[in-house]
Amino acid sequence: MTWLDQLTPALLVAGVMTASVVLYALTGGADFGGGVWDLLATGPRRKAQQRAIERAIAPVWEANHVWLIIAVVLLFVCFPKAYAAIGTALHIPVTAMLVGVILRGTAFTFRAYDTGEGASERAKGWTRVFAITSTVTPVMLGVIAGAVAAGGLTLDAEGRATTDFISAWWAPFPFVIGALTLALFAQLAAVYLALAHDGQELAEDFRLRALLAGGLVFILAWVAWMAAETGAPQLKARLLAGHGAWVVHGIAGGAGLLGFVTLWRRRYGWARAAVMLQTTAILLGQAWGQHPFVLPPNLTITAAAAPDSVLVPVLWALLAGSVVLVPAYWALYRVFRTAGRQAGD
Amino acid sequence: MTDLLAARSQMAMSLGFHILFAVAGMAMPLLMVIAQWRWLRHGDKAALELAKRWSKGTAILFAVGAVSGTALSFELGLLWPEFMRHAGPIIGMPFSLEGFAFFLEAIFLGLFLYGWDRLKPWVHWLAGLGVWLMGMASGAFVVCANAWMNTPAGFDLQAGEVIAVRPWEAMLNPAAFSEVLHMLIAALESVGFAVAAIHAWALLKNRNSRLHRMALAISLTVGGTAAVIQPFSGHIAGDHVAHVQPIKLAAMKGHFHTARDAAFHIGGYPDVERAEMRGSLEIPYLLSILAFMDPHAEVKGLTAFPRDEWPPVPVVYYAFQIMIGIGSLLAGLALLVAWLAWRRRALPTDPWLLKTLVVCGPLGLVALEAGWTVTEVGRQPWVVRGFLKTADAVTPMPGLWMPLLVFTGLYLVLGVVSVSLLKRHVFASTLPGVDQEVRDDVA
């Protein structure tokens, strides 16, 4: 009864936003991770690796990308003060992220649909652009999330951001979070790709990459924890407070270890579940650390929220929309689930 | 360049760029599913090939539209945080619904583009139909949000704070219906004629190509039908503007002084300093008739409003002239083609007609941009008419010429690449299946 009473429309919307960010990381994030492995494709099966990545991403990336749009739309509809403050104080990293998003998507499509004389020459150029922007964009997403979590975005009495446009994000902590985001996305992609090619030599390539990225996730998580000491002390304090926090950390750590063990033993189905759980737990941990603030240190979810007359209809629209969206999204994955294996060679 | 001007330029450039690709995403899928329908119903191989070619064009244009649209959802906050801080919640309903429609569009497009061998033929066709319907729906929702900026509704203000939002009333604001109708038809019209021009050119090279004849017939039917209907929807929009946004109407028509028996101007120059039209062709009574269906109706002129609330009159005036000029031309051309086709019981492919269609190809898109210029510049100096001025909504961020330069350069490159890519596709003689091509390109 007690926690149910506190379940306001604003909190519900915040929950839906967190869910779409998690889904974006698990799907769209892995698409970025695929681009990272395209950049780092090496060894005798280099071409095969790149082909597998392209095939896995092509039918789904545009749909996966919409999770980010949903999260942003919910942010400006339901928490307009937070959206305005992020757009103002983090103008530079947001712009950099957008340039990455634009170039990544178009380079991928231009490469896939180029034709005629010189297409294979141009494809090399597009591959380079696609791979580099797939690496830079997640770092920028992480920088934005890290800057928000660190609590550098403050508002004046009118609700406008007080900022010099630089200091909120130009610091070690946001960039460590950026690197962590990149490692997580890369790990997700490698695990998915290993599973899609289970039983083939290609799976070995991606298994190795998943293990390396997983190691990097552990190291960067630790570095982030250290950097939070000075970079985000309030967040760190909140992450240590209460049983709930420790449950989330426990799940993240446990799932991370399970990921290693299952990857080592080539149980890719389990590895995928473990890594997805780990990513989810890390993101929920951050959401937990930020709660009840949408912009720490002083803009709470309640204070930032639009009136209930906005939130309640939006929640109903979300529910109604999901009834159509969920089966369609599921069908998309179902149709292309076996794409990697069937086309494997 | 002031930061405000840089912000306005970046927004105008981003919207102007995105709109070209957005309309492709709204109209191309219709052409695609019509061609595929012909293949499924009549087993016509050329129709299948055409559907596949058009679907590739759609894929390229959709991707550019999707990422430039993503950029816009952030640019609203990057450039106009004060606008979004107040207006975001009020126009949240159309944007939320647009999010879902766009999501479904992307899902259906993935199924369509990569599902040729994986889905049953009619299920695959339905996915294509879904792309079209959701594309049109996305466009309609976004235009609802824009309409709200012209005729804000569905909220109360108390001491400068927005209270008691009525999201449905805001979404279905007075301008919504006429703007959405006009834009949906404009998408079909501009893309229909652009596609027709491409295939007319191909037919000039090879008059007997069945594929290009069919392509021309389908695109002209869609674009031409839209062109003939469009003046009527334009009249509905004009009627709305006359009643609700009189200052915009006055700027559109170069109408400076309130008068009965108001004349309609063609060409000439609106002299803002002297508040009069110079050197224009005047058609007596026509403005009063168009605005209020009465030759003697009083039409308010610009001078009836404070000088600092005038939009940039010449921009709005010429944009409107370009839009209706092209609209009339394309409607006339459509009627001519329809008459020829009816008389001959066949698609007319006379060289003079094909050449005319090639020349007219880009005009629909020009009219589309001109129309948006009318409604957006015509709303200035307001971002939310009557409530928030554009100058008060801009970000405090300095050095906005830099992102302007970055996005302009980026979009210039993307525009050039998209066009050259499409050009290569149009004349590629034989095209392997999508899956095959993905394989070949990477190999």
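The values are calculated or read from the model by the stated rules, or taken from the named source; none is laboratory data. Only a predicted model underlies this, so the values are computations on that prediction, with no experimental measurement involved. All Cβ positions, glycine included, derive from the backbone under ideal geometry; neighbour counts span all protein chains shown.
Taking first residues from the stretch B:346-373 that are under 17 Å from residue B:216 (Cα atoms) and partners that are part of a helix (DSSP H, G or I) and among the hydroxyl-bearing types (Ser, Thr, Tyr), the Cβ contacts under 6 Å between residues at least 6 apart in sequence or on separate chains come to B:364/B:190. Of all residues in the stretch B:293-308, those being touching a His at 6+ places or on another chain (Cβ under 8 Å) and either at pLDDT below 90 or polar (S, T, N, Q) (or both) number 1. Scanning the stretch A:29-56 for residues being touching a residue at least 12 places away in the same chain (Cβ under 8 Å) and farther than 18 Å from residue A:188 by Cα gives a total of 3.
Quick check: is even one residue across the stretch B:340-359 assigned to a helix (DSSP H, G or I) and within 18 Å of residue B:229 (Cα to Cα)? Please lay out each step first, then the result.
Of the stretch B:340-359, the ones assigned to a helix (DSSP H, G or I) are B:340-344, B:351-359.
Narrowing further to those that are within 18 Å of residue B:229 (Cα to Cα): none.
No, the stretch B:340-359 contains no residue that is assigned to a helix (DSSP H, G or I) and within 18 Å of residue B:229 (Cα to Cα).
Checked against (1) farther than 30 Å from residue A:210 by Cα; (2) buried (at least 20 other Cβ atoms within 10 Å of the Cβ); (3) away from chain B (no Cβ under 14 Å), residue A:248 meets all criteria but (1).
Across the stretch B:268-291, the qualifying residues are those that are hydroxyl-bearing (Ser, Thr, Tyr) and within 16 Å of residue B:316 (Cα to Cα), and the one among them that is surrounded by the fewest Cβ atoms within 10 Å (Cβ to Cβ) is B:269.
Could you pull out the residue among B:141, B:155, B:193 that is among the aromatic types (Phe, Trp, Tyr) and either on the phi > 0 side of the Ramachandran plot or modelled with pLDDT under 95 (or both)?
Numbers: B:141 fails: either on the phi > 0 side of the Ramachandran plot or modelled with pLDDT under 95 (or both); B:193 fails: either on the phi > 0 side of the Ramachandran plot or modelled with pLDDT under 95 (or both).
Checking each option against the conditions leaves just B:155.
In the condition set (1) within 14 Å of another protein chain (Cβ to nearest Cβ); (2) closer than 19 Å to residue A:32 by Cα; (3) without any contact (Cβ under 8 Å) to a residue 60 or more places away in the chain, residue A:175 is compliant with all but (1).
Restricting the search to helices (runs of 4 or more DSSP H) fully inside the stretch A:253-345 and requiring at least 1 residues that are of a type outside the set (Val, Ile, Thr) and loosely packed, with under 15 Cβ neighbours inside 10 Å gives A:268-290, A:308-336, A:339-343. What do you reckon, is residue A:149 at the interface with chain B (Cβ under 9 Å from one of its Cβ atoms) and crowded, with 23+ Cβ neighbours inside 10 Å? Criteria not met by residue A:149.
Examine the stretch A:224-246 for a residue that is closer than 24 Å to residue A:80 by Cβ and part of a helix (DSSP H, G or I), and state whether such a residue exists. Walk me through it before giving the result.
First pass over the stretch A:224-246, keeping only residues closer than 24 Å to residue A:80 by Cβ: A:234-235.
Subset that is part of a helix (DSSP H, G or I): A:234-235.
Yes; the residues of the stretch A:224-246 include at least one that is closer than 24 Å to residue A:80 by Cβ and part of a helix (DSSP H, G or I).
Within the stretch B:205-220, being over 30 Å from the mean Cα position of the chain (by Cα) and among the small types (Gly, Ala, Ser) holds for one residue alone: B:209.
Residue check: is residue B:249 outside any loop (DSSP other than H, G, I, E, B), closer than 25 Å to residue B:148 by Cα and modelled with pLDDT under 90?
Working: outside any loop (DSSP other than H, G, I, E, B): yes; closer than 25 Å to residue B:148 by Cα: yes; modelled with pLDDT under 90: no.
It is false that residue B:249 is outside any loop (DSSP other than H, G, I, E, B), closer than 25 Å to residue B:148 by Cα and modelled with pLDDT under 90.
Here residue B:64 meets the list (1) touching a strand residue (DSSP E or B) at 6+ places or on another chain (Cβ under 9 Å); (2) facing another protein chain (nearest Cβ under 7 Å); (3) not basic (Lys, Arg) almost entirely, failing just condition (1). Among the residues examined, residue B:7 qualifies as in a helix (DSSP H, G or I), touching a residue at least 12 places away in the same chain (Cβ under 8 Å) and surrounded by 23 or more Cβ atoms within 10 Å (Cβ to Cβ).
Scanning the stretch A:295-311 for residues that are more than 7 Å from chain B (Cβ to nearest Cβ) and within 16 Å of residue B:88 (Cβ to Cβ) yields a total of 8. Out of the stretch B:355-388, which residues are within 24 Å of residue B:154 (Cα to Cα) and surrounded by fewer than 18 Cβ atoms within 10 Å (Cβ to Cβ)? B:381, B:386, B:387 - these are the residues of the stretch B:355-388 that are within 24 Å of residue B:154 (Cα to Cα) and surrounded by fewer than 18 Cβ atoms within 10 Å (Cβ to Cβ).
Remark: pairs (first residue in the stretch B:37-65, assigned by TED's automatic domain parsing to the domain that holds residue B:114; second residue of a type in the set (Asp, Glu) and not in a helix (DSSP H, G or I); Cβ separation under 6 Å; 6+ apart in sequence or on different chains) = B:38/B:44. Taking first residues from the stretch B:137-152 that are without any contact (Cβ under 8 Å) to a residue 24 or more places away in the chain and partners that are surrounded by fewer than 24 Cβ atoms within 10 Å (Cβ to Cβ) and among the aliphatic types (A, V, I, L, M), no Cβ contact under 8 Å between residues at least 6 apart in sequence or on separate chains turns up.
Meeting the requirement of 3 or more residues that are crowded, with 23+ Cβ neighbours inside 10 Å and within 9 Å of chain A (Cβ to nearest Cβ), the helices (runs of 4 or more DSSP H) wholly within the stretch B:80-190 are B:81-87, B:92-114.
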